[in-house]
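These notes concern the structure reproduced below.
Please treat every number below as a calculation from the coordinates, not as lab data. Worth saying up front: this structure is predicted, and the values here are computed from it rather than measured. Glycine also receives a Cβ, built like all others from the backbone with ideal geometry; neighbour counts cover every protein chain displayed.
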2 protein chains.
Amino acid sequence: MFLSELIPMSNALNILDENQIIMKTEKIKLEDSYLRVLAENINSFHDSPPFDKSAMDGYALIAEDTFGASSNVIKKLNIIDQIGAGDFSNKKISSGEVIRIATGAPIPEGADTVLMEEYTLINNEGTNNEFIEIHSQVTPGENVAICGEDIKKGNKVVESENIIRPQEMGLIASAGIDAVEVYKIPHVKLIVTGNELVNPTKSLEKAQIINSNQYIIGSMIKSCGAKVDISIAKDNFDEVQKEISESSKNHDLIITTGGTAISKGDVVIDVVDSIGDVLFHGVALRPGKPVGFGIVNETPVFMLSGYPVAAMGQFDALTRKFLFKMQNIEFNPRVEKRRANVKIYSNLGRTDYIRAHADNSQVKSILSRGSGVIRSMVEANSYIIVDENQEGITKDETVDVIFFEDMNWNK
Amino acid sequence: MFLSELIPMSNALNILDENQIIMKTEKIKLEDSYLRVLAENINSFHDSPPFDKSAMDGYALIAEDTFGASSNVIKKLNIIDQIGAGDFSNKKISSGEVIRIATGAPIPEGADTVLMEEYTLINNEGTNNEFIEIHSQVTPGENVAICGEDIKKGNKVVESENIIRPQEMGLIASAGIDAVEVYKIPHVKLIVTGNELVNPTKSLEKAQIINSNQYIIGSMIKSCGAKVDISIAKDNFDEVQKEISESSKNHDLIITTGGTAISKGDVVIDVVDSIGDVLFHGVALRPGKPVGFGIVNETPVFMLSGYPVAAMGQFDALTRKFLFKMQNIEFNPRVEKRRANVKIYSNLGRTDYIRAHADNSQVKSILSRGSGVIRSMVEANSYIIVDENQEGITKDETVDVIFFEDMNWNK
């Protein structure tokens with residue numbers, strides 16, 4: 001397979017859109033749902049709170065009975081019952097009466113407010129006093145959480161296609177629901193290719209290179225809310241073909257690194273071309289021009305470079321969005337404005353993902369010679385993205401910056 | 001135990017600082033280290049690349065041999081060997097000679113540059129041509145990644161006390177290291193107290209409240225890079241004492257919800273006071289004034305409110321920082337500037353965590369009556385923090401905003 005023309009990023013993204021797959025759904029326990037994506041609207045079975053509830057420890061009473069009370073005019077009210085949390089009273093309050101009440105307990109009939117314990121003159125804690133003395137007024141409704149003020153029965157409380165954060169879990173629980181329909185987690189196969197690759201070792205032989213992509217791309221896949229299996233293959237047509245062919249049957253997505261050189265046949269591209277379709281090969285993207293995308297047995301295959309930094313750029317520019325969308329989440333990282341403190345060259349028609357370091361006000365590019373320089377990714381905390389319609393950036397221009405941490409799933 | 005005086009947030013944070021614990025460390029496999037915290041400096045066993053490496057598929061040659069080549073002046077050079085990835089050549093290049101070379105392979109002796117395949121006039125792919133024809137000049141060093149340009153042998157490549165992201169994993173691997181010393185993950189016990197609490201159900205009985213804190217606070221603990229066990233206890237001194245006492249022996253941190261009312265004895269505070277030390281109870285914080293902190297058997301105990309939103313505020317204001325620091329990471333979420341589109345009241349001396357919704361330019365508070373309103377946390381995406389030295393915020397003032405997503409571990 002031989003392709004020498006680079007397509008613009010916008011075309012590549014369109015091709016990905018047209019071939020986007022979305023995971024099936026499954027029912028899981030609410031307790032396991034943190035950071036999963038809802039695949040159903042959640043409607044509440046209950047009002048929440050389910051009854052008028054005391055928001056304080058104190059005394060349920062009729063607000064009018066306190067009117068006129070002051071430090072000079074002490075009012076005395078009779079205690080007729082007490083209600084602990086999880087308990088309730090069958091007694092009804094009349095004028096001149098109060099019921100001692102715990103936080104969270106239901107307001108007894110007749111009462112319209114709760115007077116906080118600290119506003120009573122006598123501390124009744126642990127005693128059997130039959131009355132309280134009060135010296136301040138309360139207004140009706142004070143310290144009462146009204147039935148349904150948080151959630152109304154039957155109302156939609158959380159919408160489908162949202163990542164479940166702690167607060168959504170709480171709201172779903174309060175709605176009376178302990179199991180939710182969510183999108184399945186994409187199961188990704190990462191195939192790292194290269195004859196020269198060895199695992200981390202203290203003693204390298206000549207021509208050997210340590211396989212860092214298995215760690216880098218493997219954890220980037222995790223940073224998209226997906227799970228990953230990893231295998232290593234030699235630059236050998238049959239071996240790569242066997243790996244891709246088998247993976248396409250039991251994984252939702254395949255990502256390869258290495259074997260994507262442009263302007264000559266290269267093993268991964270050739271394999272996908274022989275057992276599936278290569279939909280693009282070569283994108284006007286820097287770093288990361290030799291990137292491919294194809295389909296084998298209905299399984300999408302992202303073919304990334306063997307160079308770690310090129311592979312990272314390709315992943316962030318193309319794969320990340322696709323992986324998020326597999327769980328029906330749009331990848332829309334926050335874009336920040338910063339002042340560029342260097343001039344940056346680019347070409348019209350090419351999209352640049354420039355490794356950069358941004359602080360609160362400015363951003364500078366992390367200069368490095370080659371795309372093999374992982375160190376620049378460690379020193380960088382962000383990308384400056386130079387759009388295909390821009391020719392570069394002048395010094396002191398305000399530019400768009402995306403922080404690496406904002407590209408993660410967990411938000 | 002009876003404490004009626006609220007301490008300022010700054011005092012509470014000082015007390016937490018003085019009682020901060022840091023986890024012990026452990027050695028784990030590099031492949032399991034994503035988002036763990038390094039507890040050692042990483043020095044490289046290798047130069048990286050470990051040899052002068054070709055950055056392209058092409059021909060290794062002597063740059064000077066190309067000088068003068070142009071579309072009119074074609075130069076012809078002899079191919080004396082070829083080197084695949086993972087392979088090397090023992091031949092030395094002399095003037096007029098080239099060696100065909102794959103990306104990632106070692107530059108052969110004598111050569112000082114690599115000419116890209118596409119700049120040769122004859123495509124030699126799959127053929128046995130003995131020469132190439134070239135029509136352009138190259139400069140020395142082109143397409144060559146110099147030995148050690150990324151990492152120098154013996155140099156520190158990653159510093160201790162950093163969260164391991166994909167790029168750090170790659171750099172550590174390239175350094176020749178496959179196992180790293182990291183801080184242990186804090187093992188937290190969450191004890192949710194309350195007689196009124198039941199698990200999510202469609203049919204609530206009178207006075208029952210669904211236990212949402214087990215989900216909310218449970219997943220907030222996970223959002224700090226920690227793991228959690230959860231138990232439920234009645235508002236009963238003996239039951240709570242048994243839970244806290246046992247948990248203090250086999251967990252690194254205890255978090256409780258409920259039983260922290262101020263101005264009267266309340267069960268959780270009383271238990272910690274009886275079997276350990278309550279170091280503060282009551283902080284000038286809204287929402288979340290009735291929050292306590294203590295130590296039982298050298299295990300820190302955060303005593304949060306039963307009200308979900310109060311508990312969330314207390315967790316974000318106090319507990320989150322402590323949990324991060326247990327893995328020796330400072331909790332320093334990005335602070336953004338936004339224009340407040342409402343006036344916000346606060347009191348001098350009190351810190352307010354105002355649930356808010358921020359967009360690219362402005363922020364508005366999510367108004368709600370009570371602190372029991374989880375819905376406000378679902379609608380909010382950020383906090384406006386009103387410092388204890390501020391009396392409030394005027395409309396159109398620029399304020400500090402922290403996005404919820406920036407408070408998570410994964411960044």
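List the relative contact order of the stretch B:97-248 as a percent without decimals, with contacts defined as Cα pairs under 8 Å and 6+ residues apart.
Result for the stretch B:97-248 is 17 percent.
Antiparallel as a % of all DSSP beta bridges within the stretch A:53-145, to the nearest 5?
In the stretch A:53-145, DSSP labels about 75 percent of beta bridges as antiparallel.
For the stretch B:6-96, state which trypsin sites (Lys or Arg not before Pro) are in a DSSP loop and have at most 10 other beta carbons lying within 10 Å of their beta carbon.
B:Lys24
Let me spell out the model: positive unit charges on the Cβ of Lys and Arg, negative unit charges on the Cβ of Asp and Glu, origin at the Cα centre of the stretch A:38-139. What dipole size does that give, in debye rounded to 20?
In total the dipole reaches around 180 debye.
Looking at B:Ile107, B:Asn41, B:Ile385, which one has the Cα that reaches farthest to the positive end of the dipole of chain B (charges on Cβ: Lys, Arg +1; Asp, Glu -1)?
Among B:Ile107, B:Asn41, B:Ile385, the one farthest towards the positive end of the dipole of chain B is B:Ile385.
Once a ≥ b ≥ c are taken as the square roots of the eigenvalues of the Cα gyration tensor of the stretch A:336-403, is the result rounded (a/c under 1.5), prolate (a/b larger than b/c) or oblate (a/b not larger than b/c)?
Here the stretch A:336-403 falls in the oblate category.
If you restrict to DSSP beta bridges whose two residues both lie in chain A, what percentage is antiparallel, to the nearest 5?
If we restrict to bridges inside chain A, about 65 percent are antiparallel.
Taking A:Gly96 in one copy and the same position in all the others, each labelled 7 Å out along Cα→Cβ, what are the pairwise distances from the first, in nm, shortest first?
Spelled out, the distances from A:Gly96's label point are 12.5 nm.
Given label points at 7 Å from Cα along Cα→Cβ, what nm distances, shortest first, separate A:Asn199 from the same residue in every other copy?
With the label placed 7 Å along Cα→Cβ, A:Asn199 yields 4.1 nm.
Aspartates and glutamates near A:Lys395 by alpha-carbon distance under 19 Å, same-chain residues fewer than 8 away left out - which ones?
The reachable aspartates and glutamates, counting only those whose Cα sits under 19 Å from A:Lys395, are A:Glu336, A:Asp352, A:Asp359, A:Asp387.
Explain nothing, just the number: dipole magnitude of chain A about its Cα centre with +1 on each Lys and Arg Cβ and -1 on each Asp and Glu Cβ, in debye rounded to the nearest 20.
1520 debye
Amide H to amide H, which residues 5 or more places from A:Ile7 or on other chains are under 5 Å from it, using H placed in the peptide plane?
HN-HN under 5 Å from A:Ile7: A:Val283, A:Ala284.
Within the set of other residues whose C-beta is less than 11 Å from the C-beta of A:Pro49, count the net charge using Lys and Arg as +1 and Asp and Glu as -1.
-4
Find the centroid of the Cα atoms in the stretch B:177-248 and in the stretch B:282-355, then give the distance between the two in whole Å.
Cα centroid to Cα centroid, the span is 18 Å.
Counting pairs of alpha carbon atoms under 8 Å apart in space and at least six apart in sequence, what relative contact order in percent does chain B give?
17 percent
If you take every DSSP beta bridge fully contained in the protein assembly as shown, what fraction is antiparallel? Give it as a percent rounded to 5.
Just about 65 percent of them are antiparallel.
What residue of chain B has the nearest C-beta to the axis that moves B onto A, and what is that distance in Å, given as a whole number?
B:Asn410, 2
Going by amide H atoms built from the backbone, whose H comes under 5 Å of the H on A:Met303, apart from near neighbours?
Amide H to amide H, under 5 Å and 5 or more residues apart or across chains, A:Met303 pairs with A:Thr256, A:Gly292, A:Phe293, A:Gly294.
Which of the lysines could be linked to B:Lys76 by a straight reach, that is with a Cα gap under 28 Å, when you skip same-chain ones fewer than 8 residues away?
Result set, ordered by chain and number: A:Lys264, B:Lys53, B:Lys91, B:Lys92.
Defining the label point at 7 Å along Cα→Cβ, can you sort the distances from B:Gln20 to the same site in each other copy, shortest first, in nm?
Copy-to-copy label distances at B:Gln20, shortest first: 4.3 nm.
Cα to Cα, under 13 Å, and not fewer than 8 places away if on the same chain: which aspartates and glutamates meet these conditions relative to B:Lys249?
B:Glu298
Among A:Lys222/A:Lys343; B:Lys206/B:Lys364; B:Lys189/B:Lys289; A:Lys321/B:Lys156, which pairs are too far apart, with a Cα-Cα distance over 27 Å?
Long pairs (Cα-Cα over 27 Å): A:Lys222/A:Lys343; B:Lys206/B:Lys364; A:Lys321/B:Lys156.
Quick check on the stretch B:202-302: take the gyration tensor over C-alpha atoms, sort the square-rooted eigenvalues as a ≥ b ≥ c, and tell me if it's rounded (a/c under 1.5), prolate or oblate.
Verdict is rounded for the stretch B:202-302.
Mind sorting B:Met23, B:Met312 by how few other Cβ atoms lie within 10 Å of their own Cβ, fewest first?
B:Met23, B:Met312
How large is ³J(HN,Hα) for each residue in the stretch B:63-74, as worked out from phi by the Karplus curve 6.51 cos²θ - 1.76 cosθ + 1.60 (θ = phi - 60°), to whole Hz, x for Gly and Pro?
Values per residue, Gly and Pro as x: 3, 4, 5, 9, 4, x, 5, 7, 5, 8, 10, 7 Hz.
Okay, helix-only estimate at 222 nm for chain A: each DSSP H run of n ≥ 4 adds -39500 (n - 2.57), divide by all residues, round to 500 deg cm²/dmol; what do you get?
Roughly -5000 deg cm²/dmol at 222 nm, from the helical runs in chain A.
Under 19 Å from a point 7 Å along the Cα-to-Cβ line of B:Phe67: which residues of the stretch B:85-120 have their amide N that close?
Zone members listed by number: B:93-98, B:110-115.
What size of dipole, in debye to the nearest 20, comes out for the stretch B:336-407 about its Cα centre when the only charges are +1 on Lys and Arg C-beta atoms and -1 on Asp and Glu C-beta atoms?
The dipole magnitude comes to about 360 debye.
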